[in-house]
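Data first, discussion second: the structure below is written as structure tokens.
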Amino acid sequence: MSVQKKIFWLRLVTLISLCLPALELAWRWYADELGPRPVTVATHATGDWAVIFLLLSLAMTPLRTTLDWMPLVHVRRRIGVAAALYAGAHFLIYALDQKWNLIVVATEIAKRFYLTIGFVALLVLAALAVTSTNGWQKRLKRNWKRLHWLIYPAAFVAIVHFFIQSKVKIGEAAFAAGLFAWLMLWRALPTHLRTGYLGLVLLAIGATLITVAFEAAWYGLVNGIDPVRILAANIDPELVPRPAQKVLIASLAVIAVVATRRLAAAANRLWTKRYIQSTISPS
């Protein structure tokens, strides 16, 4: 299969995958399978998917580099735009929950901190989605990279919004924060460590510890729970999987995929070398 066909199929599969959560949610809503509060369920679901796709878009560069697979660069923009669209749907469904009373919506956004920062993140994501095209990249020139650097603070703000609206059950938000920590730590690593096993192991340890610390600090400061109890919960086999453990598993999975791909590439090179040698007649 040619490189162009591989990219075409990768783009097609990515597009379908990005649409599936929305289609599944729409079908469940139509079939009255979202429970007694479908608008609330839909609001949370679209917000969750916005965060997932936002983190996935940030993961494209590390995955492309560590896996040495350039085609991933062709789907990064689509995933980022999808994150903005799901965030937009998240806001529109919230407005629906307020009976489309824009005065009430604006008042709530101004009054509630987590809604304020969530709306700020939405505005940033919308601006980045609109200016993600090649045309805008040419118009903005050097300023395009400066503008799109805002994806990092926007992701941070979105995760804080996720934490606050989660209230007591912050497991998913803590997991998202741990993955975000991994992505930011990867970018902070020296270039020579980003693709090596040592760097990936350090990332796994660092992201896991940050997740534990963040979860313990949040429960301690916001909910008044003794942080020691949270730290103990992370080593209690009856309470698995904890957010930090999920981050560790995800980090180890990256290492396993990288190792498998490199072993497969080495085996392919060895097979090719032996095949060429076997087909060349001795002089």
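No lab work stands behind these numbers, since they all come straight from the coordinates. Computed from a prediction, not measured in an experiment: that's the story for all the values here. Note that each Cβ is placed from the backbone with ideal geometry, even for glycine, and that neighbours are counted across all protein chains shown.
Hey, got the Cα dimensions of segment 205-282 along the principal axes, in Å, largest first?
Its Cα atoms span 78, 22, 12 Å along the three principal axes.
Add -39500 (n - 2.57) for each DSSP H run of 4 or more in the chain, then divide by its residues: what number comes out at 222 nm, to the nearest 500 deg cm²/dmol?
-27000 deg cm²/dmol, from helical runs alone.
In degrees from 0 to 90, rounded to the nearest 10, what is the angle of the helix 38-67 Cα long axis to the longest principal axis of the chain?
Computed tilt is about 30 degrees.
Work out the count of Lys pairs in the chain where the Cα-Cα distance is under 24 Å, with the pair 8 or more places apart or on different chains.
5
Would you work out which of A22, L92, S2 lies farthest towards the positive end of the dipole of segment 1-166? Charges go on Cβ: Lys and Arg +1, Asp and Glu -1.
Going by the Cα projections, it comes out as S2.
Which angle between 0 and 90 degrees, to the nearest 10, do you get for helix 197-222 versus the longest principal axis of the chain when only C-alpha atoms count?
Roughly 10 degrees between the two axes.
Between helix 151-166 and the chain, what is the angle of the helix's C-alpha long axis to the longest principal axis, kept within 0 to 90° and rounded to the nearest 10?
Taking Cα atoms only, the helix is inclined about 50 degrees.
Rounded, prolate or oblate: pick one for segment 95-228, where a ≥ b ≥ c are the square roots of the eigenvalues of its C-alpha gyration tensor, a/c under 1.5 means rounded, and failing that, prolate if a/b is larger than b/c, else oblate.
The shape class here is oblate.
If the only charges are +1 at each Lys and Arg Cβ and -1 at each Asp and Glu Cβ, what is the size of the charge dipole of the chain around the Cα centre, to the nearest 20 debye?
In total the dipole reaches around 1560 debye.
For the chain, set up a GNM with springs between Cα atoms under 10 Å and report which of T116, T211, T66 has the largest fluctuation.
It is T116.
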